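The values are calculated or read from the model by the stated rules, or taken from the named source; none is laboratory data. Just so it is clear, the model here is predicted, and its values are computed rather than measured. Note that we place each Cβ from the backbone using ideal geometry, even for glycine, and neighbour counts take in every protein chain shown. Accessible surface areas use protein heavy atoms only, side chains included; no ligands, DNA or RNA. Shrake-Rupley method; radii C 1.70, N 1.55, O 1.52, S 1.80 Å.
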Amino acid sequence: MPRIADRKYKRKLRRRKRALKFVRFLLLTALSVGTLVLLALSPLFNINSISVSGNIHYEESEIIGVTNLVVGNNWFKTNGLDAKSILLFRSFQAEKNIKENCHYVKNVAVRLRIPDQVNIIVNEREPYVISPYSDAYLIIDKEGYLIDLVKDISAYDLPIVQGMGFDNCKLGQALNAEDRNKFDIYKNVVDEINKLDNDKVYDSSKSIYKYLNYVDVSDWDNIVIMLDSRIRVNLGNYKKISNYRLSFLREIFFNKLDVYDKGYLDFTTGNTPSFIPDPKEE
């Protein structure tokens with residue numbers, strides 16, 4: 001009997017020791033967390049400077065202005081109780097604000113360089129094509145994102161894509177499904193043209209893309225392009241736009257037509273395209 005009582009006592013003692021260790025662990029954890037919180041909210045982590053790199057289309061002040069980050073304010077107080085932001089020393093809210101307000105921005109990272117410097121690293125989208133919209137023009141990047149709306153396009157040396165609808169589209173967002181299909185057709189046409197232009201067999205000075213004014217994708221069976229603001233070309237169904245057809249176009253445009261010729265070149269009439277001159281002005 002005494003032995004049984006002795007074993008019970010030892011078990012009770014072990015449980016008590018485990019309980020004391022757990023309480024000690026909780027107290028130390030609470031003390032450590034409290035110390036870290038006090039340290040994080042101390043003036044040590046007050047923002048001393050904010051730098052921006054990678055920005056092309058925006059001034060540094062424009063990007064900083066939408067972040068809600070202010071020199072002199074505490075980094076952790078500004079970012080709130082977001083555990084991920086705290087652990088990674090990164091402001092995901094500031095990054096979201098930048099992307100929502102600066103539509104050229106593709107990717108951005110807002111990080112704290114301990115203890116008081118904030119670095120904003122920006123990766124911007126590049127204008128790829130222009131499209132008429134109402135009484136202005138939308139700027140679209142190569143991934144099909146709407147990045148700007150402008151009245152004057154004289155500063156942009158880019159071709160125009162016509163025939164897009166832009167239903168339910170907003171700046172900073174990707175094209176809707178229907179326009180995305182049209183946009184992909186445009187890209188395929190341009191890619192085929194560039195592929196031909198880069199062929200070493202041809203004279204590099206005779207580039208179709210160099211003279212390309214617009215591509216009309218409103219009718220998939222009749223893809224129309226304008227060259228040099230004077231030759232309108234119907235390339236036919238988008239699936240039939242090939243190196244052969246474009247090579248034929250190149251030969252006609254550079255070697256068969258006069259530099260003053262204006263008119264309509266139709267590839268839908270058969271193997272031999274027909275050229276219809278514009279009526280001469282009297």
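Each Lys or Arg adds one and each Asp or Glu subtracts one; over the other residues with Cβ under 13 Å from the Cβ of Asp261, this totals +2. Rounded to two decimal places and with Rh computed the Kirkwood way over Cα pairs, what is Rg over Rh for the range 119-175? Rg/Rh for the range 119-175 comes to 0.99.
Given a Förster distance of 22 Å, report the FRET efficiency between Tyr209 and Thr268 from their Cβ-Cβ distance, rounded to the nearest 0.05.
Details: r = 22 Å, r/R0 = 1.01.
After rounding, the FRET efficiency stands at 0.50.
FRET efficiency for the pair Lys170 and Asn107, taken as 1/(1 + (r/R0)^6) with r the Cβ-Cβ distance and R0 = 25 Å, rounds to 0.85. Label positions at Ser218 and Val70, each projected 7 Å from the Cα along the C-beta direction, are separated by 5.2 nm.
The label point for Asp82 and the one for Phe254, both projected 7 Å from the Cα toward the Cβ, are 5.3 nm apart. For the range 53-88, GluC sites (Glu not before Pro) are listed when DSSP marks them as loop and at most 12 other Cβ atoms sit within 10 Å of their Cβ; the list is Glu59.
Structural size metrics of the range 211-282, computed from C-alpha coordinates, are Rg and Dmax of 11.8, 40 Å. Counting only heavy atoms of the protein chains and using a 1.4 Å probe, Phe275 has close to 60 Å² of accessible surface. Placing a label point 7 Å from the Cα of Lys151 along the Cα-to-Cβ direction, the residues of the range 100-144 whose backbone N falls under 14 Å of that point are 135-137. The C-alpha radius of gyration of the range 73-161, expressed as a fraction of 2.2 N^0.38 Å, stands at 1.44.
Modelled spin labels at Phe275 and Ala177, positioned 7 Å past Cα toward Cβ, are 4.3 nm from each other.
Its convex hull of Cα atoms gives the range 36-119 a direction-averaged projected area, equal to a quarter of the hull surface, of 5.0 nm².
P(r) tail for the range 40-88, what percent of Cα pairs lie past 18 Å? Before the final figure, lay out the partial values.
Values: 455 of 1176 pairs.
Here the long-distance tail beyond 18 Å is 39 percent of all Cα pairs in the range 40-88.
Length, then width, then depth: along the principal axes, the Cα atoms of the range 129-215 run 45, 28, 19 Å.
Take the Kirkwood radius over Cα pairs of the range 238-279, plug it into Stokes-Einstein at 10 °C and 1.306 mPa s, and you get 144 µm²/s for translational diffusion. Listed cross-link partners Lys77/Lys99; Lys182/Lys280; Lys182/Lys210; Lys142/Lys280; Lys210/Lys239; Lys106/Lys187 are compared with a 28 Å cut-off, the Cα-Cα value being larger for Lys182/Lys280; Lys142/Lys280.
The share of accessible area on the range 104-182 that comes from carbon and sulfur is 44 percent, using a 1.4 angstrom probe. Its Cα gyration tensor gives the range 138-282 an equivalent ellipsoid. The semi-axes, each the square root of 5 times an eigenvalue, are 27, 17, 16 Å from largest down.
Taking the Cα atoms of the range 151-198, the ratio Rg/Rh between the radius of gyration and the Kirkwood radius comes to 1.03. The mean sequence distance of close C-alpha pairs (under 8 Å, at least 6 residues apart), as a share of the length of the range 67-144, puts its relative contact order at 19 percent. Entry for the range 43-192 at q = 0.09, 0.11, 0.16 Å⁻¹: log10 I(q)/I(0) = -0.37, -0.52, -0.85, Debye formula applied to identical alpha-carbon scatterers, no solvent contribution.
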